[in-house]
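The structure appears below as structure tokens.
What follows draws every value from the coordinates through simple rules; no lab data is involved. Note that the coordinates shown come from a computational prediction; the quantities given were computed from them, not determined experimentally. Cβ placement follows ideal geometry from the backbone for every residue including glycine, while neighbour counts extend to all protein chains displayed.
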Amino acid sequence: MHRQFFSEHDVGTNQIINGLLIAIIATYGKLFADVGARQVKLEKKIITDERMLLLHEKLIEWRNNYVAHSGKEKVERSVV
């Protein structure tokens, strides 16, 4: 995820922030996901501001590759 939110020394806070970011991204992504059981979904075309569109695309990328699915990009890493 985005490193600017995390401290190198405060593992407990990092875990809370990481959990909150995952929840936010998952919830946001659901609004645009095409799921048969849900009757309504938002379309990307409603985003008219270029900066917001770039943010939207990054959030959906994180959702698809990290939060909801394991994508082809390596976005997770562990140091032991």
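Worth a mention:
- For segment 16-60, trypsin sites (Lys or Arg not before Pro) meeting the loop criterion (DSSP other than H, G, I, E, B) and having at most 11 other Cβ atoms within 10 Å: Arg38, Lys41.
- Spacing of the two label points (7 Å from each Cα toward its C-beta) at Thr27 and Val40, in nm: 1.7 nm
- Per-residue ³J(HN,Hα) for segment 16-30, Karplus 6.51 cos²θ - 1.76 cosθ + 1.60, θ = phi - 60°, Hz, x for Gly and Pro: 5, 4, 4, x, 5, 4, 4, 5, 5, 5, 5, 5, 4, x, 4
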